[in-house]
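The values are calculated or read from the model by the stated rules, or taken from the named source; none is laboratory data. Just so you know, these numbers come straight off a predicted model, no measurement behind them. A quick note on method: Cβ atoms are made from the backbone with ideal geometry, for glycine too, and the neighbour counts reach across all protein chains shown.
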Amino acid sequence: MRKLCTGLIAAIFLSACGQAWNDPYPAGDAGRNILYTAFTDRPKHLDPAQSYSEDEIAFTAQIYEPPLQYHYLKRPYELIPATVEEVPVPRFYDAAGHELPHDAPVDSIAESVYELRLKPGIRFQPHPAFARDDHGRPEMPSASRIAASQTIADFPGAGTRELTADDYIYQIKRLAHPHLHSPIFGMMADKIVGLKALGDDLQKAVQGRPADEWLDLDAFPLSGVEKVDKRTWRIHIKGKYPQFLYWLAMPFFAPVPREVDRFFSQPGMAARNLTLDWWPVGTGPYMLSENDPNRRMVLSRNPNFHGQTYPCEGEAGDREAGLLADCGKPLPFIDAAVFTREKEAIPYWNKFLQGYYDASGISSDSFDQAVRVNVGGDVALTDEMRDKGIRLLTSVKPSIFYMGFNMLDPLIGGLSPRATKLRQAISIAVDQEEFISIFMNGRGIAAQSPLPPGIFGYEAGEQGIDHTVYDWVDGRPQRKSVEAARKLVAEAGYPNGRDEKTGEPLVVNLDTTGGGMGEKSRLDWLTRQFAKIDMQLVVRSTDFNRFQDKLRKGNVQLYYLGWNADYPDPENFYFLLDGKESRVAKGGENSSNYANPEFDSLFVRMKNMDNTPERLSIVRQMNHILHNDAPWVFGLHPKSYTLGHRWLKNRKPNDVGNNILKYQRIDIADRDAARRQWNTPVLWPLGLGLAVLALAFLPAVIAYRRRERRAALK
């Protein structure tokens, strides 16, 4: 009985005090300068030659340093130096090698040359690849050491060295390595002089070699990239391509040292996940110290990082928001960042509310608890969130989701007045504002063109609206009526949705995949939108691979796709409608196979221009053509909603620059106090439990005492 009683008391005590012991982190981390966050999808690649997803760049952007970066606070986004002394200004040359003025006609420029010069004193993170023996030679680990190692920390020696131009040149060569399958090799091979030829040479060199065997890329020349001195190198670009500067802010062009590549190529390394794809090596403010992508990943401060400070200028409102309070202070502020994998939204949300995550997105399940949508569409935090000091950060992402028409289709495609009016009618009928309200909790804005806010050429107000779909009424865009759309359908030869000659109903087909627009509720809604203008929508669902094959062959009428900006330039959106990018004819990204000679001519003029009033004028002309031709239902630009606790400082939405961890700061004392307040143990169940136990055992105690008294009387 005594053991049972003890066990019950312990169980009740644990139940009552469990909230006091709900901290998911080790006790030794209490009070440390650590940022806590979560991730849902495990990164697949951390090698800068291969990585190209949002899940991965959350880590790679903190570890690697390409030559350029984006100013953290300024909008529109502005490129600034990262490891180089200044943003390079290209020099232009004609086919004979003569230098041309900066305003030379684009068709006269045969080559652009970018010269980059490193800041002195930048050093790599400590790593065993840089270890040296007593004679200064690379200290390569033995086979037994490799076999006994699971992480980089298991290797005893670690060294560092200064960053050089060779490290950047070596990484550019890695883009051409056949075994790495870099997603940007094809694009860069068309831009960087000699890169395609290098790819051909490397393809021959790797034939018959094991995939993990080291190939010394220094032995293979790359004509378009030249070393000037230890800290200076030049990159030769075919023709004029001003967007190349944006690529120089991506991890693809971050440095990879030759000795690191060789270190990870030793036999036995890949079998133990000891690869650059698993353990990145960089000069950035953080280094990956723990990698368990199914559970948690940890970034720790790089002790060799120095020389960068918090910005002292931004845009209007930044000072009032406290975003300039740390002006001039050395970066980074945070010692480590712990990323815990959360596969379900509810545990993630609950831990955020308990203060165990410093920031959080807002899932559909928690939207109503977090924010309320006021009359007029304005979004505000709920009282519960405000009482906790939680802040809401919103931004429109540089993305677009659209419905595309296959312009090769005999019914819905082409530039004839009949097909054009059908597309215009559909563009009016599909109520994007309603879709955003119902399915996205208001987290988006209806698109007026391919360009999202923040990209040069985007214009708010009456100047920027799609006048085919909207009227400007009382200072805001108002979608044209269903009657206007039905009139267009009738003018196209389908009054009341039937062919005026044959009486056949007007039927259109949408190809889609599961998830996204493939969800039944969304497709039912979309079907009703078409029914408003007497069109019958047939949904043809398929798997992703089959869907892609249909796009390649042009076997679709309507489809849904999205695009996230690689870089903040209008060229990166309008090329999706360039005739030379036709998916069927050229294998390009123009899945609508749209081709309008006037638009294509304007695109060629616009794409390589600097951001000038002339460029803006051309963008306006391009939009006017797209509004009339309607190759897309322009859809929406999604909004990003992020919540941050009051102790997380210097947090500003940045949807293009990704190396943002170094700017953020934690008020540790405030966080610790809030966690104690929000997670105070509830003790009344313990008292109640003990009282119940006392009442339960009282008869037994009384009976026991009676027996004791009787025994004494005998």
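Provide a single number: the residues in segment 58-85 that are without any contact (Cβ under 8 Å) to a residue 24 or more places away in the chain and either within 24 Å of GLN171 (Cα to Cα) or in contact with a helix residue (DSSP H, G or I) (Cβ under 6 Å, 6 or more places away or on another chain) (or both).
Of the residues in that region, 1 qualify.
If I go through segment 87-101 residue by residue, how many of them are surrounded by 10 or more Cβ atoms within 10 Å (Cβ to Cβ), of a type in the set (A, V, I, L, M, F, W, C) and either within 17 Å of LEU116 (Cα to Cα) or out of contact with any helix residue (DSSP H, G or I) (no Cβ under 8 Å at 6 or more places or on another chain) (or both)?
Final tally of qualifying residues: 2.
Which one of these is touching a strand residue (DSSP E or B) at 6+ places or on another chain (Cβ under 7 Å) and among the charged types (D, E, K, R): ASP409, ASP431, ASP383?
ASP431
Assess whether ALA316 counts as being more than 25 Å from the chain's Cα centre (by Cα) and more than 30 Å from THR160 (Cα to Cα).
In short, yes.
How about segment 322-389: which helices (runs of 4 or more DSSP H) wholly inside it have at least 3 residues that are free of Cβ contacts under 8 Å to residues at least 24 places away in the same chain?
Qualifying helices (runs of 4 or more DSSP H): 345-353, 383-387.
Here is a check on your reading of the model: is MET407 buried (at least 20 other Cβ atoms within 10 Å of the Cβ), touching a residue at least 40 places away in the same chain (Cβ under 8 Å) and assigned to a loop (DSSP other than H, G, I, E, B)?
So MET407 fits the description; yes.
Return only the number of the condition from (1) of a type in the set (S, T, N, Q); (2) buried (at least 16 other Cβ atoms within 10 Å of the Cβ); (3) in a helix (DSSP H, G or I) that GLN203 does not satisfy.
Going through the list (1) of a type in the set (S, T, N, Q); (2) buried (at least 16 other Cβ atoms within 10 Å of the Cβ); (3) in a helix (DSSP H, G or I), GLN203 breaks only (2).
Six or more apart or on different chains, Cβ under 6 Å: which pairs go from a residue in segment 488-506 that's within 14 Å of LEU411 (Cβ to Cβ) to one that's hydroxyl-bearing (Ser, Thr, Tyr)? Could you list them?
Hits for this filter: LEU506/TYR494.
Please state which of the following conditions LEU415 fails to meet, knowing it meets all the rest: (1) assigned by TED's automatic domain parsing to the domain that holds ASP629; (2) at pLDDT below 95; (3) assigned to a loop (DSSP other than H, G, I, E, B).
(2)
I need the full set of residues from segment 20-48 which are in a loop (DSSP other than H, G, I, E, B), within 30 Å of PRO311 (Cβ to Cβ) and either at pLDDT below 90 or small (Gly, Ala, Ser) (or both), in order please.
If the condition is that a residue be in a loop (DSSP other than H, G, I, E, B), within 30 Å of PRO311 (Cβ to Cβ) and either at pLDDT below 90 or small (Gly, Ala, Ser) (or both), then GLY31 is the only one that fits.
Pick out, from segment 229-305, the strands (runs of 3 or more DSSP E) lying fully within it that include 1 or more residues that are among the small types (Gly, Ala, Ser) and within 27 Å of the chain's Cα centre (by Cα).
286-292, 296-301
Would you mind stating whether ASP134 is more than 27 Å from TYR52 (Cα to Cα), charged (D, E, K, R) and either out of contact with any strand residue (DSSP E or B) (no Cβ under 6 Å at 6 or more places or on another chain) or in a loop (DSSP other than H, G, I, E, B) (or both)?
Yes: the conditions hold for ASP134.
Run PRO128 past the list (1) more than 26 Å from PHE305 (Cα to Cα); (2) in contact with a helix residue (DSSP H, G or I) (Cβ under 8 Å, 6 or more places away or on another chain); (3) not charged (D, E, K, R) and report the number of the one that doesn't hold.
Every listed condition holds for PRO128 apart from (1).
Look at segment 641-674 and say how many of its residues are of a type in the set (Gly, Ala, Ser) and surrounded by fewer than 17 Cβ atoms within 10 Å (Cβ to Cβ).
Total meeting the criteria: 2.
Answer yes or no as to whether GLY136 is free of Cβ contacts under 8 Å to residues at least 40 places away in the same chain and over 27 Å from SER112 (Cα atoms).
Here the answer is yes, as GLY136 does meet what is asked.
Looking at (1) more than 21 Å from TYR594 (Cα to Cα); (2) of a type in the set (D, E, K, R); (3) in contact with an Asp or Glu (Cβ under 8 Å, 6 or more places away or on another chain), which is the one condition that is false for ARG386?
Against the list (1) more than 21 Å from TYR594 (Cα to Cα); (2) of a type in the set (D, E, K, R); (3) in contact with an Asp or Glu (Cβ under 8 Å, 6 or more places away or on another chain), ARG386 comes up short only on (3).
Of all the strands (runs of 3 or more DSSP E) wholly in segment 431-540, which have at least 2 residues that are of a type in the set (A, V, I, L, M, F, W, C)?
Because the criterion is at least 2 residues that are of a type in the set (A, V, I, L, M, F, W, C), the strands (runs of 3 or more DSSP E) in segment 431-540 that meet it are 444-446, 470-473, 507-513.
For (1) assigned by TED's automatic domain parsing to the domain that holds GLU111; (2) buried (at least 17 other Cβ atoms within 10 Å of the Cβ); (3) at pLDDT below 95; (4) of a type outside the set (Gly, Ala, Ser), each residue gets a yes or a no:
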site: ASP212; (1), (2), (3), (4): yes, no, yes, yes
site: LEU215; (1), (2), (3), (4): yes, yes, yes, yes
site: SER223; (1), (2), (3), (4): yes, no, no, no
site: ILE235; (1), (2), (3), (4): yes, yes, no, yes
site: PHE252; (1), (2), (3), (4): yes, yes, no, yes
site: ALA270; (1), (2), (3), (4): yes, no, yes, no
site: VAL281; (1), (2), (3), (4): no, yes, no, yes
site: PRO285; (1), (2), (3), (4): no, yes, no, yes
site: PRO311; (1), (2), (3), (4): no, yes, no, yes
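Tally up the residues in segment 373-394 that are surrounded by 14 or more Cβ atoms within 10 Å (Cβ to Cβ) and at pLDDT below 90, please.
Total meeting the criteria: 2.
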